[in-house]
Amino acid sequence: MRAILPLLYCLFSLPTAFAAPALNPELISKLTGLKGSLNEKEGVYKVMLPRGDIGATAHGVKLTPGLGLTAWAAFQKTGNGYMMMGDTVLTEDQVNSVMSVALENGLEVTALHNHFFGDTPKVMFMHIGGMGTQEALAAAVGKVYAKLKETMGGKGEFPEAKIDPANSKLDTAKIEEAIGAKGELKDGVFKVTIGRKTKMHGFEAGNAIGVNTWAAFAGSDQEAVVDGDFAMLETELQGVLKKLRAANINIVAIHNHMTQENPRIMFLHFWGIGAAAELAKGVKVALDTQKK
């Protein structure tokens, strides 16, 4: 019995021994480069960056940080680790360079959308999240905000090209070969569609009703545009994001098209400029990350 008591003591002490230390606001602020505030009741430390520099208006209304132009990241202790969630306020030209930094540093990008109509310049909102140590999470957030600050004032990038689908001259066979699926050429646009299946209200929903991934190409073999939409399970989103960004294909929206479907399907809209075959290969690599 005497031999068992120390063992029991150790077993009952494990949760305490392995519990993560409390949030360190000073450390988080130092690593993120942002000031914050602690919500003691909920145990959340939130850092913020007001985007008053954008100077956006929406239908004549000046958009100030208080009207929703404040980027933030919130940290919370989760027992043996930490969780971070945030909303990053970006102009269109900043989105993809900042997104790449988030993905490269172990964070997840969970949504990308607009909050306004008629806003000039256009403002986008990129939601991020992650699990891990507070040091790693705060350091990753710090890199995201460093890139945000670096690309302020129109210093971001978004590819452009003068392409009219009416003048398209594409080797569609090469696109099909690269993607591994057949397509259809209509009005100068070559479109490949790959269906998926889910259930809505107990009934199967598939390709014809809108549960699909598609990629539409226009232009020439040397300079083309690809415009499309990925249909993904939630568990597939991060893999698709990483591969598309690695192929220099831009992400323009991440959201849902339906509610109450099972399994849940997320949709990701993308846009890229480049050689047609290379764009098709980028789409194919992203497709290959999805479960079969």
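The values are calculated or read from the model by the stated rules, or taken from the named source; none is laboratory data. If you're wondering where the values come from, they're calculated on a predicted model, not measured in any experiment. Don't worry about glycine lacking a Cβ; one is built from the backbone with ideal geometry, like all the others, and counts go over all protein chains shown. Surface accessibility is based on the protein's heavy atoms, side chains included, excluding ligands, DNA and RNA. Shrake-Rupley method; radii C 1.70, N 1.55, O 1.52, S 1.80 Å.
Scan region 250-275 residue by residue and report those that are crowded, with 17+ Cβ neighbours inside 10 Å, under 19 Å from the mean Cα position of the chain (by Cα) and of a type in the set (Gly, Ala, Ser).
GLY272
Can you name the number of the only condition in (1) open to solvent by 10 Å² or more (accessible area, probe 1.4 Å); (2) touching a residue at least 40 places away in the same chain (Cβ under 8 Å); (3) more than 27 Å from MET266 (Cβ to Cβ) that LYS41 fails?
(2)
Would you please name the residue that is farthest from ALA146 (Cα to Cα), looking only at residues in region 60-83 that are hydrophobic (A, V, I, L, M, F, W, C) and open to solvent by 40 Å² or more (accessible area, probe 1.4 Å)? Full working, then the answer.
First, the residues of region 60-83 that are hydrophobic (A, V, I, L, M, F, W, C): 61, 63, 67, 69, 71-75, 83.
Checking which are open to solvent by 40 Å² or more (accessible area, probe 1.4 Å) leaves us with 61, 67, 72, 83.
Working: VAL61: 29, LEU67: 23, TRP72: 13, MET83: 21 Å.
Checked region 60-83; the qualifying residue farthest from ALA146 (Cα to Cα) is VAL61.
Which of the strands (runs of 3 or more DSSP E) contained wholly in region 136-218 include at least 2 residues that are touching a residue at least 60 places away in the same chain (Cβ under 8 Å) and out of contact with any Lys or Arg (no Cβ under 8 Å at 6 or more places or on another chain)?
Values: elements: 183-186, 189-195, 198-200, 203-205.
Answer list for region 136-218: 198-200.
Scan region 84-132 for residues that are in a strand (DSSP E or B), polar (S, T, N, Q), in contact (Cβ under 8 Å) with a residue 40 or more places away in the chain and open to solvent by 30 Å² or more (accessible area, probe 1.4 Å) and jot them down. Reasoning before the result, please.
Residues of region 84-132 in a strand (DSSP E or B): 84-91, 108-114, 119-120, 123-132.
Applying the additional criterion that residues be polar (S, T, N, Q) yields 88, 91, 110, 114, 120.
Retained after the next criterion (residues that are in contact (Cβ under 8 Å) with a residue 40 or more places away in the chain): 88, 91, 110, 120.
If the condition is that a residue be in a strand (DSSP E or B), polar (S, T, N, Q), in contact (Cβ under 8 Å) with a residue 40 or more places away in the chain and open to solvent by 30 Å² or more (accessible area, probe 1.4 Å), then THR110, THR120 are the ones that fit.
Name every residue in region 249-267 that is out of contact with any Pro (no Cβ under 8 Å at 6 or more places or on another chain), under 18 Å from MET126 (Cβ atoms) and touching a residue at least 40 places away in the same chain (Cβ under 8 Å), in order of residue number. Talk me through it step by step, then tell me what you get.
Here is the first cut: in region 249-267, the residues out of contact with any Pro (no Cβ under 8 Å at 6 or more places or on another chain) are 249, 251-267.
Checking the rest, the ones that are also under 18 Å from MET126 (Cβ atoms) come to 249, 251-256, 266-267.
Correct list: ILE251, VAL252, ALA253, ILE254, HIS255.
Say whether the condition of being surrounded by 15 or more Cβ atoms within 10 Å (Cβ to Cβ), of a type in the set (Asp, Glu) and farther than 29 Å from ALA73 by Cα is met by at least one residue in region 166-179.
So far as region 166-179 goes, yes, one or more of its residues are surrounded by 15 or more Cβ atoms within 10 Å (Cβ to Cβ), of a type in the set (Asp, Glu) and farther than 29 Å from ALA73 by Cα.
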